[in-house]
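Report on the structure given below.
The values are calculated or read from the model by the stated rules, or taken from the named source; none is laboratory data. What you see is a predicted model; the values in this text were computed from it and never measured. FYI the Cβ positions are ideal-geometry reconstructions off the backbone, even for glycines, and counts take in every protein chain you see.
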Amino acid sequence: MSHKIAPSILAADFANLQRDIEMINNSAADWFHIDVMDGVFVPNISFGMPVVSAIKKYANKTLDVHLMIVNPDQFIKTFKKVGANILTVHYEACPHLHRTIQAIKNEGMQAGVSLNPHTPISVLEDVIRDVDVVLIMSVNPGFGGQSFIENTYKKVIQLKDIIEKSGSKALIEIDGGVNAETGAKLLAAGADVLVAGSFVFKSENPTKTIKLLKNL
Ligand code: DX5
Ligand code: ZN
């Protein structure tokens with residue numbers, strides 16, 4: 001199976017969102033990566049349900065919703081309603097992570113768990129068979145356009161090992177500072193999904209840049 005590309009809407013032009021959604025629809029991208037931030041879990045606020053709902057109206061690919069919020073449990077049903085296909089919560093925001101994962105799956109969504117750069121892979125050992133996606137943060141969450149943290153490669157290799165040994169089917173997704181160079185190294189280390197914000201949307205031809213990442 002070839003790897004997937006998930007352009008991050010955070011780097012899109014919000015005044016021309018429909019145009020950017022159509023660009024992704026007509027590109028080699030696989031998923032829409034959608035960053036929801038609450039100003040509490042991370043030091044930034046992005047957008048919430050009405051915007052996810054608006055994206056859903058035009059998007060014809062999987063909506064991969066990344067919740068950077070405290071207490072995500074209270075909003076699982078709402079994100080299902082506004083169109084999330086994959087719902088990812090942060091390990092650091094979930095004291096009852098196993099329950100949260102089951103609640104996401106009970107709503108008919110795929111369940112993702114994200115780890116901050118300082119959180120070791122080993123904390124996922126006891127839930128790895130229950131999750132569909134592990135989202136490794138390769139920057140500190142909150143902002144686009146930051147530089148890639150090199151320690152991520154080691155984490156991808158460790159996660160791949162845990163997944164293979166456990167028989168889990170989880171995909172390894174990487175978020176933050178992804179470009180052609182870091183992307184190629186991540187794929188060599190075992191990544192399955194690359195999120196890219198600035199690298200795609202700040203480029204001269206985003207469609208071509210998505211294709212470049214897809215062909216790595
Ligand atoms: C960061 C977000 C990322 C962000 C990535 O908190 O989770 O999805 O959009 O942006 P780039 O690719 O610019 O690092
Ligand atoms: Zn993200």
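A few notes on this one:
- The residue that is surrounded by the fewest Cβ atoms within 10 Å (Cβ to Cβ), counting only those in region 169-181 that are on the phi < 0 side of the Ramachandran plot and within 16 Å of the chain's Cα centre (by Cα), is Asn179.
- Annotation: Asp161 fulfils all but one of (1) free of Cβ contacts under 8 Å to residues at least 24 places away in the same chain; (2) of a type outside the set (Phe, Trp, Tyr); (3) outside any helix (DSSP H, G or I); the unmet one is (3).
- Note on region 36-47: residues that are out of contact with any Phe, Trp or Tyr (no Cβ under 7 Å at 6 or more places or on another chain) and over 15 Å from Ala12 (Cα atoms) amount to 8.
- For the residues Ser198, Ser166, the requirement of being over 18 Å from the mean Cα position of the chain (by Cα), surrounded by fewer than 23 Cβ atoms within 10 Å (Cβ to Cβ) and either modelled with pLDDT under 95 or of a type in the set (Ser, Thr, Tyr) (or both) singles out Ser166.
- Filtering region 1-10 to residues that are more than 11 Å from ligand 1 (Cβ to nearest atom) and either surrounded by 13 or more Cβ atoms within 10 Å (Cβ to Cβ) or over 22 Å from Val133 (Cα atoms) (or both) leaves His3, Lys4, Ile5.
- Residues of region 171-191 that are in a loop (DSSP other than H, G, I, E, B) and either closer than 23 Å to Leu87 by Cα or acidic (Asp, Glu) (or both): Gly176, Gly177, Val178, Gly190, Ala191.
- Single residue of Ala184, Ala180, Ala189 found to be in contact with a Phe, Trp or Tyr (Cβ under 6 Å, 6 or more places away or on another chain), more than 10 Å from ligand 1 (Cβ to nearest atom) and either modelled with pLDDT of 95 or more or farther than 19 Å from Ile136 by Cα (or both): Ala189
- Any chance Val178 is within 26 Å of His96 (Cα to Cα) and free of Cβ contacts under 8 Å to residues at least 60 places away in the same chain: no
- Test for Gly176: is it in contact with a strand residue (DSSP E or B) (Cβ under 7 Å, 6 or more places away or on another chain) and within 12 Å of Phe148 (Cα to Cα): yes
- Among all positions in region 133-154, there is at least one residue which is in a helix (DSSP H, G or I), surrounded by 14 or more Cβ atoms within 10 Å (Cβ to Cβ) and either basic (Lys, Arg) or touching a residue at least 12 places away in the same chain (Cβ under 8 Å) (or both).
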